[in-house]
Structure formats: structure tokens, C-alpha cells
Ligand SMILES: Nc1ncnc2c1ncn2[C@@H]1O[C@H](COP(=O)(O)OP(=O)(O)O)[C@@H](O)[C@H]1O
Ligand SMILES: [Mg+2]
């Protein structure tokens, strides 16, 4: 940049220029970030290959993932990264759209500022326009009932259609819909928590081999070094958080042994100690033991595994702390923190706990769980790590879309129909406004046209021609017209079944506006030490 500016001699320092410069620099930087993800919007959008410092590679189409991995240092550009993160939290989908819309609004800001309009005026007008946009979107939405499976499927399909794994959407969308409906408590739908859906990923096979499991899966094989069982019928499952291993001395203490007799005594004591514990475990009736990973000392030793194997107890070790809540909810058992608290009422019951082969590795499957909690497990497969990770992210997006519909039961057509409609109606509304406000609101509406342009461009269509036609159709009152990227024409998105949750688009427009307003109001960067 600096090289391009001719170095004029005797250029004077202008005091008031600085604030304008900081704002422009911020806007330019944020716009650059938005431009980076623009090409991945829509079903025909490109994917990105993210190369991480440690040599890992990610292939993704998800805006939030791309931005999250991007090394961004400019503070205003970082705001865009945060913007797509917040969209990910609120809606889970539309993370590319929100960034692209924000970029377009920022471009309009530059134009408006260049015309001498004060940033505060622009900011206030944009806030007004966002409120109006939300109203327009509300008006064009159609309510959806959670029993209407086909509508839910359409929304999940739309979300998956832009992903790398879109060819598997016929498998993944029903999976997403079923999983959410399974964990949904009809009495308290607002407490829907996607953490109750556990996705276990296993390399091998293709995404087609993914399955929905009515039960639970542990990602590793049972511990059978000492010849313990690998299959238990009529299982009584205990989830323990204590270690079955000899206690350690305190950090600064030593036990000094100087003859074999003492050594023997210690070993005998250790055997006794473990044996007592295993007996107590056994006495509770437990025959499957899930042991939480321990960082203080080994959760199990060879000796304790040996005794547990003798007692015919199937052992799954290294259960992550984070999984405890999910497990206890699923199996309807209580985590046990001390061996003295092992009582039969804390155990979970299942018909079968058995080792199973998945691809080249083994897992432990629990099926026929009695009084199973509202949780589900999905075993996701993929031929390699790249596909598998992207399938996981895509499934997450689809789950979020269904969750959006639970929170806000309304759908709107996709394919840029909402953006064009909002643009059009804002332009009409602007005619009734006065002065600067009118100019800013019109600019806001025009900025939203970035979505149809980008969808068309990414699909290799004649963007100007198709967006003009789209605008005309909307002007004639056909509000659900959108870009049919597969056939390269303008068609009715409602009829095509391209539907998306109202919440996704609404929050994208709201969050983008909020971010733009924040960037506009910044007139200086103050570094601190
Ligand atoms: N089959 C389709 N035809 C036309 N537009 C579609 C289709 N599926 C999705 N879209 C549009 O693609 C955009 C979403 O693209 P996507 O790459 O998923 O980005 P985001 O991360 O924002 O969800 C939305 O505007 C949506 O309406
Ligand atoms: Mg999407």
C-alpha cells in the first residue's frame, strides 16, 4: 500500500485526518476478512483448506470455522471473527452469511461517509433499518409445527446442501431431525441442550456407514489386559470417580524399605487393599465398571484389573470428566465418588454391554438401557479425518438448524429470497423517510443484495441479469422467489423446498448491523502496555 502512494515532498500533518483514517482503516480491514469467506457462501460456494501451524489441515465450508482458524491481528478484523462466532452460538448456521452481510454494510458505510454523512447518523439509521428488516422477515415467514417432519427435513437439507458432505444429506438430515426430536422434552422445549447428543467419530468406511445408536457408545475398547469379560448381559453399570489403585504417599514423604520382608509386607498390604475395594464393588452387584480418568494417580493398576477380571467385571477406563454428566443422564445412574458409597440404587441397568468392531477399531456398545434418559448417540464414519471432521461440523449445523426451529417455529424461503425482499421493502420505506435517514436506509437495503449477487457469482451465473430478474419478480409481489443455483434460474423457493429458519436470517442481519455500528463508532485505537 505504502509503495503505491507517491511520496510528496513537504506533505503536512493534518490533525483532524487521523480519526477518519482510523475508521477507514478499521472498515477496510474488516471488509478484507469478509471478502475472504465470500466465495464459500451457498450451495455452489467453494471450500477452504485451512493449514494450521502444527501441520494439520482442515477442509471446510463453514464460515465460523474458517474465521476461527484465521490468524487475524487487526482489532476491527477480529470483531468479524467474533461476529461469526456469536452467530454460531445464537443460530449455529448462517455464519458465512453474517460475515458477508457485514462486509457489504461496511462498504456502504464507506460510501456514505465519503458523502459527508456523520457516522452517528449512519449508525442510527442502520439500527432503524435493522428493526424494520426484522419486521419484514417476520411478515414473510410461515409458522412450522414440530410434528411436521417434512418441513424440518427441508430446513436441515438446506443447511447441509452447502457443505462438503452435501451428497450425504439424505442420511444426515433425518439423523439431525430425529436426534433433536428425541432429546426434546415437550414440556420444556426451551431447555433443549445439544450436548445431549453425542457424536462419536470413527475413521473408516464412508459417511453412508454412519448410524444412529439407540443406546451408548464408548470410544475405546474394554480393558481386557487381565482377561476380563468383553460382553456382559443383564448389565449393572457403575460409574465411578475414584481410583482402584494403591494410595500414594504425600508429595514430600518417602517410605524407605531395607529388606525383603518389608517389601513383601507392602505388596501384601497393597493386594489386600485392592481386594477389599473390588469386593465392595462386587457386593453392590455391579458387573460393568466405568472408571473416570484420573490425573492424580493411575485409576487402575494391573493388579486391580486382574482382580476385577476375576470378579467377571467388564472395565471401561479413561472415561473423560466431561462425559460424566452425559453418561449418568443416559444410563440413569449416579456417579460414585467413594467405594463406600457403592450401593445398588446408584447403578444403571442395560440388557447388553459388549465390545463391537467398527472399521478397524473397537468400541463398547451399551444397548437396551432401562429408563434411558433423553439423550442420543450418533456414530459418524468417514473415509479420512478431513471428511469426518467436516461431516461432524456439518451435522452440528444441521442440528442447530433444527434447534432454531424449536426455539422459533417459523421458516422462510432461502436462496436469497429474504434478502431481496427486505432490500426492496426498505427501499420503498425509505421514500417515506426524511433526509440522511432515507439515504442510509436505502443504502442498507442495497447492501443486502450482496447475498443474491454472491450466490449467483459462486454458482457461475450471470449475476447482474439474474439479480435484476429476481428484483423484478419480488417487485411484482412474488416474495418467495429465489435463485435456483442448480438450474441457474429464478424460481419459487417454497416449491423447491429450500427453506431455512427465520431465526438464522434474522439474527444474521441483527448481529451484522450491531457489528457495523460498533465499528462505525470507533474513531481511535488506543494501545496499552
Ligand atoms: N438449494 C439452495 N438453493 C439456493 N440457495 C440456497 C440453497 N441452499 C442454501 N442456499 C442459500 O445459501 C446460503 C447459505 O450458505 P452457506 O454456505 O450454508 O452459508 P452459511 O454459513 O451462512 O450458512 C443461504 O442464503 C441459503 O438461502
Ligand atoms: Mg449454512
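When DSSP beta bridges are limited to those with both residues in the range 215-382, what percentage is antiparallel, rounded to the nearest 5? Present the calculation step by step, with values, prior to reporting the outcome.
Numbers: 18 of 29 bridges.
Antiparallel bridges: around 60 percent, rounded to the nearest 5.
Compute the helix-to-body angle for 417-430: its Cα long axis versus the longest principal axis of the chain, expressed 0 to 90° and rounded to tens.
The angle comes out at about 40 degrees.
Which shape class, rounded, prolate or oblate, goes with the range 66-112 when its Cα gyration tensor gives a ≥ b ≥ c as root eigenvalues, a/c under 1.5 marks rounded, and past that a/b bigger than b/c marks prolate?
Working: a/c = 2.49, a/b = 1.30, b/c = 1.92.
Since a/c reaches 1.5 but b/c is at least a/b, the shape of the range 66-112 is classed as oblate.
If contacts are Cα pairs under 8 angstrom and at least 6 residues apart, what is the relative contact order of the chain in percent? Can you show the working numbers first?
Details: 968 pairs, mean separation 133.2, N = 529.
So the answer I get is 25 percent.
For the range 469-529 and the range 420-464, what is the centre-to-centre distance using only Cα atoms, to the nearest Å?
9 Å
Rank the residues 468, 249, 513 as a footprinting-exposure proxy: fewest other Cβ atoms within 10 Å of their Cβ go first.
Values: 468 12, 249 8, 513 24.
Ranking 468, 249, 513 by Cβ neighbours within 10 Å, fewest first, gives 249, 468, 513.
Expressed as an acute angle from 0 to 90° and rounded to the nearest 10, what is the orientation of the C-alpha long axis of helix 385-407 relative to the principal long axis of the chain?
The answer is roughly 70 degrees.
For the chain, what does -39500 (n - 2.57) per DSSP helix run (n ≥ 4), summed and divided by total residues, give at 222 nm, in deg cm²/dmol to the nearest 500?
Estimated from H runs of four or more residues: -15500 deg cm²/dmol.
Only counting other Cβ atoms within 10 Å, I'd like 65, 99, 206 sorted with the fewest neighbours first. Kindly include the intermediate steps, with their values, before the conclusion.
Values: 65 19, 99 32, 206 13.
Least to most surrounded, the residues fall as 206, 65, 99.
Below 8 Å, C-alpha to C-alpha, sequence gap of six or more: please give me the relative contact order for the range 215-382 in percent.
38 percent
For helix 463-475, what angle does its Cα long axis make with the longest principal axis of the chain, in degrees from 0 to 90 and rounded to 10?
Roughly 80 degrees, rounded to the nearest 10.
Arrange 35, 145 by Cβ neighbour counts within 10 Å, fewest through most, would you? All intermediate terms of the calculation are to be shown ahead of the outcome.
Values: 35 13, 145 10.
Placing the least packed residue first, the sequence is 145, 35.
Rule-based calculations on the coordinates, nothing more; no lab input. Remember, predicted model here, so these are calculated numbers, not experimental data. Cβ coordinates were reconstructed from backbone atoms using ideal geometry, including for glycine residues, and neighbour counts include every protein chain displayed.
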